[in-house]
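Below is one structure, written out as structure tokens, with a few remarks after it.
The values are calculated or read from the model by the stated rules, or taken from the named source; none is laboratory data. Computed from a predicted structure; not experimentally measured. Note that we place each Cβ from the backbone using ideal geometry, even for glycine, and neighbour counts take in every protein chain shown. Ligands, DNA and RNA are stripped out before the accessible areas are found, and what is left, the full protein with its side chains, is counted by its heavy atoms. Shrake-Rupley method; radii C 1.70, N 1.55, O 1.52, S 1.80 Å.
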Amino acid sequence: MIKLFPGFLAVMLLMVFTVSAQSFDTTGIPRSSLSDSLRVVNINSPVAVKKAFPVGMLLIPATLITYGITSVGNKELKSINKEIREEIWEEQPHKLIHIDNYLQWAPAAAVYGLNALGIKGEHNLRDRTIIYGLSTAIMGTTVYATKSFSKQWRPDESDRSSFPSGHTATAFAAAEFLRKEYWKVSPWYGVAGYAVAATTGYLRMYNNKHWLSDVVAGAGIGILSTDLAYYLYPTVKRLFVKEKKGATMAAPFYQQGVVGLSLVHSF
């Protein structure tokens, strides 16, 4: 069964997208789509903030994060981590593939690429940039804090910042960003983004940098970070973005041990 793992992982992560992406009623409109409640119809009009917190959006990412956290102290889940590592790394020695360092950003880059090609998404350039910056800030802060607290050894024992996978969190945050911006145009954009994110997660294990539980938790953190960013953006916009004037937003980030600050300015 372990030998079937690579394909199983891809299917499992794509199922995360399929289940979380759509929840349609008989009219074909998503029941719990955050986009409906947060959509800016006119950038000069007030932005309404949905009062009720969409608890449903927590289900899948919370499940993934819970699995990852549980695995830290659960012998059975730790044994699964080791079995998968043996199958991928020890039984099939191979050279490292570093494309995951770039692949993690691909879904987010696709959002701007599609816009440049004239394919409009859910938000304008300024709004989507601030949303993605907010998502990155939430994701980066969460990953950095969790790594500092958990201090789990990587499979290659290079350091103790294994849990959770930052690359995977970045990739899934970007994939959810792509899905939310373009699900109305075509759900296949989201499918492609999640396929890239799943590949990024698998490559982290292929390169002996992360355990399965690191990747699963990272996926949950990434998805939830973007969902929270979309939910919080109307409030952020009302507080910090002044129409017809330039606005600057600062967002902290963490990547491969580097902490920094990104600035987004609209003119």
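I need the full set of residues from segment 56-84 which are in contact (Cβ under 8 Å) with a residue 24 or more places away in the chain, open to solvent by less than 50 Å² (accessible area, probe 1.4 Å) and not small (Gly, Ala, Ser), in order please.
57, 60, 61, 64, 65, 72, 77, 81, 84 - these are the residues of segment 56-84 that are in contact (Cβ under 8 Å) with a residue 24 or more places away in the chain, open to solvent by less than 50 Å² (accessible area, probe 1.4 Å) and not small (Gly, Ala, Ser).
Go through segment 97-116 and report how many residues are modelled with pLDDT of 95 or more, loosely packed, with under 15 Cβ neighbours inside 10 Å and outside any helix (DSSP H, G or I).
1
Determine whether segment 196-214 contains at least one residue that is closer than 30 Å to residue 83 by Cα, part of a loop (DSSP other than H, G, I, E, B), in contact (Cβ under 8 Å) with a residue 60 or more places away in the chain and open to solvent by 20 Å² or more (accessible area, probe 1.4 Å). Please lay out each step first, then the result.
Narrowing segment 196-214 to residues closer than 30 Å to residue 83 by Cα: 196-214.
Pick out the ones that are also part of a loop (DSSP other than H, G, I, E, B) and you get 207-211.
Now narrow it down to the ones that are in contact (Cβ under 8 Å) with a residue 60 or more places away in the chain: 207-208, 211.
If we keep only those that are open to solvent by 20 Å² or more (accessible area, probe 1.4 Å) too, we end up with 211.
Among the residues of segment 196-214, at least one is closer than 30 Å to residue 83 by Cα, part of a loop (DSSP other than H, G, I, E, B), in contact (Cβ under 8 Å) with a residue 60 or more places away in the chain and open to solvent by 20 Å² or more (accessible area, probe 1.4 Å), which makes the answer yes.
Going by the structure shown, is residue 179 modelled with pLDDT of 95 or more and farther than 30 Å from residue 94 by Cβ? Don't jump to the end; show me each part of the working.
Values: modelled with pLDDT of 95 or more: yes; farther than 30 Å from residue 94 by Cβ: yes.
Considered against the rule, which asks whether it is modelled with pLDDT of 95 or more and farther than 30 Å from residue 94 by Cβ, residue 179 comes out as yes.
Could you say which residue among 119, 130 is part of a helix (DSSP H, G or I) and out of contact with any helix residue (DSSP H, G or I) (no Cβ under 6 Å at 6 or more places or on another chain)?
Exactly one residue qualifies, and that residue is 130.
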